[in-house]
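The values are calculated or read from the model by the stated rules, or taken from the named source; none is laboratory data. As the structure is a prediction and not an experimental result, all values here were calculated from the model. FYI the Cβ positions are ideal-geometry reconstructions off the backbone, even for glycines, and counts take in every protein chain you see. Calculation scope for accessible area: heavy atoms of the full protein, side chains included, ligands and nucleic acids excluded. Shrake-Rupley method; radii C 1.70, N 1.55, O 1.52, S 1.80 Å.
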Amino acid sequence: MKTAVAEAPGAPLVIRDLPVPVPGRGQFLVKLESCGVCHSDLHLRNGDEGLPDEMYPLVLGHEGIGRIVAVGEGTETSLSLGDRVGLPWLYDTCLDCSPCLTGAETFCTHQHARGIHHHGAFAEYAILESRFACTIPDAIDPLQGAPLLCAGLTAWSALRKTSLRPGKTVMVIGCGGLGQYAIMIAKAHGATVVAVDRDPAKLEEARQRGADHLVEAGPDAGLKVKELGGADVAVNFAPSPAVWKTIEQAVNPMSDIIAIALVHDPVPLSMMWLIDGGHRVFGSSVGSRQDLRDFLAFAARTELSIDIETIPLSGVNAALDQLQAGKVAGRICIDFSL
């Protein structure tokens with residue numbers, strides 16, 4: 001099978017022929033139809049995650065959609081050959097710790113990620129654990145649907161942890177693919193949306209996705225949001241600590257502030273500001289199996305389309321270069337039929 005392989009941290013992906021994997025007990029073999037290209041893949045290719053050298057070579061990719069073509073011997077399942085399934089970031093978890101047993105399995109300390117601990121979906125075939133299989137509704141197109149498995153799910157999972165409801169104002173900072181999904185999800189829940197970005201083209205994309213107000217990022221962006229009535233929910237998709245000033249200036253009392261972008265540098269968070277404002281600040285990462293099932297059901301009946309650029313598997317390294325250069329307005333998706 002053809003695969004796109006990271007042979008070492010910081011090295012370009014290369015197309016390699018690898019043996020088609022054989023599913024074991026409790027596993028499916030999936031023939032890929034599509035796979036989204038995510039910023040997390042860029043970080044992994046560039047070696048930003050500090051993975052040890054022995055984890056390479058590694059097949060990346062965690063927004064895959066395909067059909068089951070083989071079932072491991074002895075696997076008990078209600079799914080059948082030909083069923084369309086998703087291959088998201090969460091490969092498996094221990095299923096027995098407190099987070100796993102209370103619906104927070106994305107915080108399992110023994111979890112494994114697709115494209116890190118196990119080969120991912122930048123390949124013509126991939127393994128899927130049967131207990132972590134989620135079917136893709138027929139109403140969802142594989143190319144439009146692939147980014148839902150990480151980008152869309154991440155926005156959905158974060159927002160469902162907040163006080164999102166009609167009448168609330170949601171500030172979305174960073175209006176790339178994830179931000180666009182957050183805008184559409186918030187609007188579908190009856191919220192007012194303020195989009196903040198430094199790129200006029202991305203602000204225009206935000207407007208097309210339903211944002212009510214557009215604010216250019218800068219030193220006074222938060223004050224401009226405050227003039228519009230302030231934010232009850234602030235969701236950050238911009239990978240910069242500079243956004244903290246905007247958040248502090250923009251939010252209303254008792255706001256929800258969700259960190260999603262990978263920002264390693266500290267921000268000047270004041271405990272008194274938290275106490276006086278009654279704010280909740282928390283992080284959110286991808287989503288659980290139940291989050292994914294709920295989100296896909298929502299996406300099957302709700303218009304969540306964004307601009308998708310399709311590429312063949314051979315173009316995935318150039319696509320990651322596009323992401324790094326900030327030249328992707330929506331999402332890029334591998335079409336395995338090309």
**Whole-number D in µm²/s for the chain (Stokes-Einstein; Kirkwood sum over Cα pairs; 25 °C, 0.890 mPa s)** = 120 µm²/s
**Request:** Find which of Ile311, Phe282, Asn252 sits farthest along the positive direction of the dipole of the stretch 243-338, computed with +1 on the beta-carbon of Lys and Arg, -1 on that of Asp and Glu, about the Cα centre.
**Result:** Phe282
**Fill in**
With x for Gly and Pro, the residue-by-residue ³J(HN,Hα) of the stretch 32-39, computed from phi through the Karplus equation 6.51 cos²θ - 1.76 cosθ + 1.60 at θ = phi - 60° and given in whole Hz, is 6, 9, 7, 7, x, 10, 10, 4
**Request:** Could you tell me the accessible area of Arg84 in Å² (1.4 Å probe, neighbours in place), rounded to the nearest ten?
**Result:** 40 Å²
**Asked** DSSP beta bridges in the chain, what fraction antiparallel, as a percent rounded to 5?
**Response** 55 percent
**Cβ-based net charge around Glu129, under 11 Å, with every Lys or Arg adding one and every Asp or Glu removing one** = +3
**Prompt:** Straight-line reach from Lys245: which aspartates and glutamates have Cα under 13 Å away, leaving out those fewer than 8 places along the same chain?
**Reply:** Asp220
**Share of carbon and sulfur in the accessible heavy-atom surface of the chain [1.4 Å probe, %]** = 52 percent
**Request:** Sum up the charges of everything whose Cβ sits under 15 Å from the Cβ of Arg280, counting Lys and Arg as +1 and Asp and Glu as -1, but leave Arg280 out.
**Result:** -1
**Prompt:** What 222 nm value per residue comes from the helices of the chain, counting each DSSP H run with n ≥ 4 as -39,500 (n - 2.57) and dividing by all residues, nearest 500 deg cm²/dmol?
**Reply:** -7000 deg cm²/dmol
**Prompt:** With θ set to phi - 60° and the Karplus curve 6.51 cos²θ - 1.76 cosθ + 1.60, what are the ³J(HN,Hα) couplings of the stretch 50-64 in order, to the nearest whole Hz, using x for Gly and Pro?
**Reply:** x, 5, x, 4, 5, 7, 9, x, 9, 8, 7, x, 8, 10, x
**Asked** Of Pro266, Pro241, Pro253, which is the most mobile in a GNM of the chain whose springs link Cα atoms less than 10 angstrom apart?
**Response** Pro266
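Lys and Arg at +1, Asp and Glu at -1: add these up for the other residues within a Cβ distance under 15 Å of Leu58 and post the number.
Within the 15 Å Cβ shell, the charges total -3.
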**Asked** Given +1 on the Cβ of Lys and Arg, -1 on the Cβ of Asp and Glu, and no further charges, what dipole in debye does the chain carry about its Cα centre, rounded to the nearest 20?
**Response** 600 debye
**Prompt:** Most fluctuating residue of Val172, Val71, Val37 in a GNM of the chain with Cα springs under 10 Å: which is it?
**Reply:** Val71
**Prompt:** On the first, second and third principal axes, largest extent first, how far apart are the outermost C-alpha atoms of the stretch 63-133 in Å?
**Reply:** 34, 27, 18
**Request:** Would you list, by chain and number, the lysines whose Cα falls below 21 Å from the Cα of Lys187, excluding same-chain residues fewer than 8 positions away?
**Result:** Lys161, Lys168, Lys202, Lys224, Lys226
**Asked** Which peptide among 297-304, 116-123, 222-229 comes first, and what is the full order, when sorted by highest mean count of other Cβ atoms within 10 Å?
**Response** 116-123, 222-229, 297-304
**Message:** I want to verify a result. In a Gaussian network model of the chain, Cα cutoff 10 Å, which of these has the top mean-square fluctuation: Ile127, Ile183, Ile140?
**Reply:** Ile140
